[in-house]
Amino acid sequence: MSQIQNDNAPAANFYYFLCNPGSEKFLKEEIRLIYPELVFAYSTEGFLTFKETRPLGKTLRPVFCRHFGKFLRRGTYEELRSAWVGKALFYSLEGEIFETYEYKTGDWVKEIIKVSETQFYFGEFRAGILTAPSPGGFSTAVLPEESPSRAYLKVIDGLNYMGVKLPENDYALEIGSSPGGATYALLNMGLRVEGIDPGLMDPICSNNPKFKHHRQSIQDFHVSSLKDHVQWLYVDMNLAPEATLREIEKVVEAVRPSLKGAFITLKMTKFELVSRVPMYLNLVGKMGLNVVMATQLPSHKQEFLIYAE
Ligand SMILES: C[S@@+](CC[C@H](N)C(=O)[O-])C[C@H]1O[C@@H](n2cnc3c(N)ncnc32)[C@H](O)[C@@H]1O
């Protein structure tokens, strides 16, 4: 049962979080461990609310969510609309976008979230890198039919989320590149791509003259072949996070002088790893990179993205 009052503004602060269905347990555990000031109040698939029982001592931005905001009130759509006549985003938890508008970093954005047929939440968030670039953090990307895998979407969603544009002809290195959805997205943007993966690449990638495949595991790969030309690093291996981070350390060291940004996907191979997420971010920092953001993307399953520069 919800603890949120149904009258006007609640006495305590409540926050709501949107995550990918299936990740609720990760988010709940992360908040329990990292933000003990917040106490769980209510959840439904892909949507959780928490009550602030003590003032938050740190910047709020859990990894296992796509978007979050401060709860203001709830009710029927008509009730919320009669209390707020200004601009507001309006979307459902299923990803239907009913109303949207242009806003910029720093704006306080109001939003109405359709949680069920009869239940609508009204909240606000300060637009910036910590909050989603699109209503509810739902993807605006479309998967091309010919893409070798859905990882195409992870590239587009990640760039949109970080507000990063990859210049044509820049060099990207992808570790864990087979069958090639992410590589295909990068090639489509005009990048030159090298992929490291013992698995086969789809011909749509391997036949592209801008692509080079190192058909081997990262353990067998000699970083001496990387001559300070890699500007963008993509990592998407189906290994435990510890193994992924251990294996990419030598690569990061080799490419750091030319590196502009790294998109590192870490897989939540088991629930217990939630408590280790701060350590993973630390390890990336120890590689000499500045962690800009760690977040779940709409195209993620049980995984999250670390973006570092
Ligand atoms: C989730 S898939 C990658 C999907 C890919 N990025 C795409 O866009 O289609 C994970 C990949 O990691 C690769 N992988 C697992 N262990 C690896 C290792 N030690 N070195 C290189 N690649 C590895 C697997 O072969 C697999 O192709």
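The values are calculated or read from the model by the stated rules, or taken from the named source; none is laboratory data. Computed from a predicted structure; not experimentally measured. Quick reminder, even Gly has a Cβ in these numbers, built from the backbone with ideal geometry, and neighbours come from all protein chains shown.
Going through the stretch 85-95 one residue at a time, which ones are within 23 Å of Gly22 (Cβ to Cβ) and in contact with a Lys or Arg (Cβ under 9 Å, 6 or more places away or on another chain)?
Tyr91, Ser92, Leu93, Glu94
From the list Glu145, Glu174, pick out the single residue that is buried (at least 18 other Cβ atoms within 10 Å of the Cβ), within 16 Å of the ligand (Cβ to nearest atom) and either assigned by TED's automatic domain parsing to the domain that holds Val291 or free of Cβ contacts under 8 Å to residues at least 24 places away in the same chain (or both).
When all the criteria are applied, what remains is Glu174.
What number of residues in the stretch 276-307 are within 19 Å of Ser177 (Cβ to Cβ), in contact with a strand residue (DSSP E or B) (Cβ under 9 Å, 6 or more places away or on another chain) and surrounded by 15 or more Cβ atoms within 10 Å (Cβ to Cβ)?
Qualifying residue count, the stretch 276-307: 6.
Which members of the stretch 251-275 meet the condition of being in a helix (DSSP H, G or I) and surrounded by fewer than 16 Cβ atoms within 10 Å (Cβ to Cβ)?
Result: Glu253, Phe271, Glu272, Ser275.
Residue check: is Phe50 without any contact (Cβ under 8 Å) to a residue 40 or more places away in the chain and surrounded by 18 or more Cβ atoms within 10 Å (Cβ to Cβ)?
It is true that Phe50 is without any contact (Cβ under 8 Å) to a residue 40 or more places away in the chain and surrounded by 18 or more Cβ atoms within 10 Å (Cβ to Cβ).
In this structure, does Thr49 turn out to be closer than 18 Å to Glu124 by Cα, modelled with pLDDT of 95 or more and either assigned to a loop (DSSP other than H, G, I, E, B) or polar (S, T, N, Q) (or both)?
yes
Of these, Lys212, Lys227, which one is basic (Lys, Arg), outside the structural domain of Glu96 (by TED's automatic domain parsing) and within 16 Å of the ligand (Cβ to nearest atom)?
Lys212
Would you confirm whether or not the stretch 96-104 contains a residue that is surrounded by fewer than 18 Cβ atoms within 10 Å (Cβ to Cβ), touching a Lys or Arg at 6+ places or on another chain (Cβ under 8 Å) and among the aliphatic types (A, V, I, L, M)?
No, that holds for no residue.
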